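Report on the following structure.
The values are calculated or read from the model by the stated rules, or taken from the named source; none is laboratory data. Fair warning: this is a prediction, and the values are worked out from it, not measured in the lab. When we count neighbours, we look across all protein chains shown, and the Cβ atoms used for this are built from the backbone with ideal geometry, even at glycine.
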Amino acid sequence: MSVTVRVPAKVNVQLAVGPARSDGFHPLANVFLAVGLYDEVTVTPADELRITCAGPDADQVPLDRTNLAARAAEALAARYGRDPGVHIHIAKDIPVAGGMAGGSADGAAALVACDALWGTGASREELLAICAELGSDVPFSLVGGAALGIGRGEQLTPLETGGTFHWVFAMAGRGLSTPAVFREFDRLGEGTDIPDPVASQELIAALAKGDPDALAATVSNDLQPAALSLFPELAATLATGRAAGALAALVSGSGPTTAFLVRDPESAAAVAQALVASGTCRTVRTALGPAPGATVAGAG
Ligand code: C5P
């Protein structure tokens, strides 16, 4: 018996960041869009909890209890008083430490997979509560689609999308640590008055309309200056995509993946080709958003 769950990556079309709270987290107005780059997580009964991983970035994935997939299995097992003995295999396509919630995706996927394997029958609310304990982005990986996240990003309100958006993603040659990017945000903002984060109603309307021009005019990422400060070479990647006709170019979340919103598949191909030719990134991928959240893809 095994269960496989497919789970998408995300891009933040708005990431408004407020001043650090006393617990070190930052209040966010975080508009997530799930995009069609997927990890697949397969769970199989085993004597003890263990993780394996395959894919281009597999060597950068921790295989110990720090992996969010392991923590998800342990949290669900503890709640239902059962042994967490399970083999978790991650077929990894989402970039590691890339600002696309790859680790969070694996946490949400392992949770859904173990729930199905063990027949725990946890409610959606219970699963979402466990996700929120695992990390700020994990609840969104469970629900997918588009959503506004407030608090530290974990309190979600689903958002309507009136169409499919075309994206190109440029993966960088190295990762960026999310806490390091938030620390750099704090450092750059020292002595300035950082406003409380507010969701853009224009952006939410653009998503609801499915209008790429309106979305391009409103995307924003308050972590982008911090990511560029730690990874200045990203400026050349962003400029390449813009010059090749992207409607908008931005850092995805805490980076260093860069995201390019384009009008159609033809433009996606042109932007992707220019990015590859520029040599300013490691890999280039195209994807559509929104995509569904963590979903059982097979059981056998
Ligand atoms: O919630 P998660 O464990 O994914 O967060 C990783 C790190 O990102 C936190 O330890 C913190 O440094 C930073 N973070 C933050 N404010 C948020 C979310 C994350 O400062 N709202």
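Looking at this structure, is Ala69 of a type outside the set (S, T, N, Q) and within 15 Å of the ligand (Cβ to nearest atom)?
Answer is yes for this residue.
So which pairs qualify, if the first residue must be in segment 144-162 and at positive phi and of a type in the set (A, V, I, L, M, F, W, C), the second must be assigned to a loop (DSSP other than H, G, I, E, B) and buried (at least 22 other Cβ atoms within 10 Å of the Cβ), the Cβ gap must be under 9 Å, and the two must be at least 6 apart or on different chains?
Final answer for the pair search is none.
Looking at (1) out of contact with any Gly (no Cβ under 8 Å at 6 or more places or on another chain); (2) surrounded by fewer than 22 Cβ atoms within 10 Å (Cβ to Cβ), find the lone condition where Tyr38 falls short.
Of the numbered conditions (1) out of contact with any Gly (no Cβ under 8 Å at 6 or more places or on another chain); (2) surrounded by fewer than 22 Cβ atoms within 10 Å (Cβ to Cβ), the odd one out for Tyr38 is (2).
So, restricting to helices (runs of 4 or more DSSP H) that lie completely within segment 208-281, which ones have at least 2 residues that are in contact with a helix residue (DSSP H, G or I) (Cβ under 9 Å, 6 or more places away or on another chain) and not aliphatic (A, V, I, L, M)?
Here the list reads 212-218, 224-230, 234-243.
Here are Ala29, Ala34, Ala69: which of them is closer than 23 Å to Gly293 by Cβ and touching an Asp or Glu at 6+ places or on another chain (Cβ under 7 Å)?
Going through Ala29, Ala34, Ala69 in turn, the sole match is Ala69.
For Gly153, which of the numbered conditions (1) out of contact with any Ser or Thr (no Cβ under 7 Å at 6 or more places or on another chain); (2) within 12 Å of the ligand (Cβ to nearest atom); (3) not aliphatic (A, V, I, L, M) fails to hold?
For Gly153, the exception is condition (1).
Look at segment 12-52 and say how many of its residues are of a type in the set (Val, Ile, Thr) and within 16 Å of the ligand (Cβ to nearest atom).
Selection size over segment 12-52: 2.
Test Ile130 against the stated conditions and say whether it is away from the ligand (no atom under 14 Å from the Cβ), over 30 Å from Val276 (Cβ atoms), part of a helix (DSSP H, G or I) and not charged (D, E, K, R).
no
Hey, could you check segment 174-229 for residues that are of a type in the set (A, V, I, L, M), within 16 Å of the ligand (Cβ to nearest atom) and over 30 Å from Gln60 (Cβ atoms) and say which is nearest to the chain's Cα centre (by Cα)?
Ala199
With out of contact with any Gly (no Cβ under 8 Å at 6 or more places or on another chain), without any contact (Cβ under 8 Å) to a residue 60 or more places away in the chain, closer than 22 Å to Asp211 by Cβ and outside the structural domain of Ala147 (by TED's automatic domain parsing) as the only criterion, which of Gly279, Gly245 stands out?
Going through Gly279, Gly245 in turn, just one is out of contact with any Gly (no Cβ under 8 Å at 6 or more places or on another chain), without any contact (Cβ under 8 Å) to a residue 60 or more places away in the chain, closer than 22 Å to Asp211 by Cβ and outside the structural domain of Ala147 (by TED's automatic domain parsing): Gly245.
Which residues, taken from segment 158-173, are in a strand (DSSP E or B) and either within 16 Å of the ligand (Cβ to nearest atom) or of a type in the set (Gly, Ala, Ser) (or both)?
Passing the criteria: only Ala170.
Restricting to segment 246-279, count the residues that are in contact with a Lys or Arg (Cβ under 8 Å, 6 or more places away or on another chain) and on the phi > 0 side of the Ramachandran plot.
1
Quick check: is even one residue across segment 61-76 of a type in the set (D, E, K, R), touching a residue at least 12 places away in the same chain (Cβ under 8 Å) and closer than 26 Å to Arg285 by Cβ?
no
Just name the residue that is surrounded by the fewest Cβ atoms within 10 Å (Cβ to Cβ) out of those in segment 65-81 that are within 21 Å of Gly175 (Cα to Cα) and at pLDDT 95 or above.
Top of the filtered list is Asn67.
Looking at (1) at pLDDT below 95; (2) within 16 Å of the ligand (Cβ to nearest atom); (3) not basic (Lys, Arg), can you tell me which one Gly121 breaks?
(2)
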